[in-house]
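Written below as structure tokens is the structure these notes are about.
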Amino acid sequence: MAKIENQKFIVLDISGKNYLSWVLDVKLYLSARKLRHTIDEDNVASNEERATTLIFLRHHIDDDLKYEYLTVENPLELWQNLNDRFEHLKAVVLPKALND
């Protein structure tokens, strides 16, 4: 398992161009670490679980995004903010992928 964790994990670009693959990678990683519930609505995560997820998320976003969301202390709130910011890209990227 250590080798998997040591591999490079993509950082979310400030443009959001890699948002869809980043979301999938984050969900898979959090699921494997049994932390996926920390980004779900109405979760009952412990403070330690929230802190671990927040550290992970902040470590894997562009430095400018870190600065922009500097005051966000809840991983669910950060997850939702990023989703609100980049969700529209699904409408742009997915139809193009279906036509290719």
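Summing +1 for each Lys or Arg and -1 for each Asp or Glu, what net charge is found among the other residues whose Cβ lies under 12 Å from the Cβ of GLU73?
Details: positive: ARG50, ARG58; negative: GLU77.
Here the charged neighbours net out to +1.
Which net charge results when you count Lys and Arg as +1 and Asp and Glu as -1 among the other residues whose beta-carbon is under 11 Å from that of GLU49? Could the numbers behind the result be given before it?
On the way: positive: ARG33, LYS34, ARG36, ARG50; negative: GLU48.
Result for the neighbourhood of GLU49: +3.
Can you tell me the Rg and the Dmax, both Å, for the Cα atoms in region 18-90?
In order Rg, Dmax, the Cα atoms of region 18-90 give 11.6, 32 Å.
Which residues' amide hydrogens lie under 5 Å from the amide hydrogen of ILE61, considering only partners 5 or more residues apart or on another chain, with H built in the peptide plane?
Amide H neighbours of ILE61, under 5 Å, 5+ apart: LEU12.
Of the peptides 58-71, 14-27, how do they stack up when ordered by the mean number of other Cβ atoms within 10 Å, highest first?
14-27, 58-71
Computed from the coordinates by the stated procedures, all read-outs in this text should not be read as laboratory data. Not measured: the values here are computed from a predicted model. Don't worry about glycine lacking a Cβ; one is built from the backbone with ideal geometry, like all the others, and counts go over all protein chains shown.
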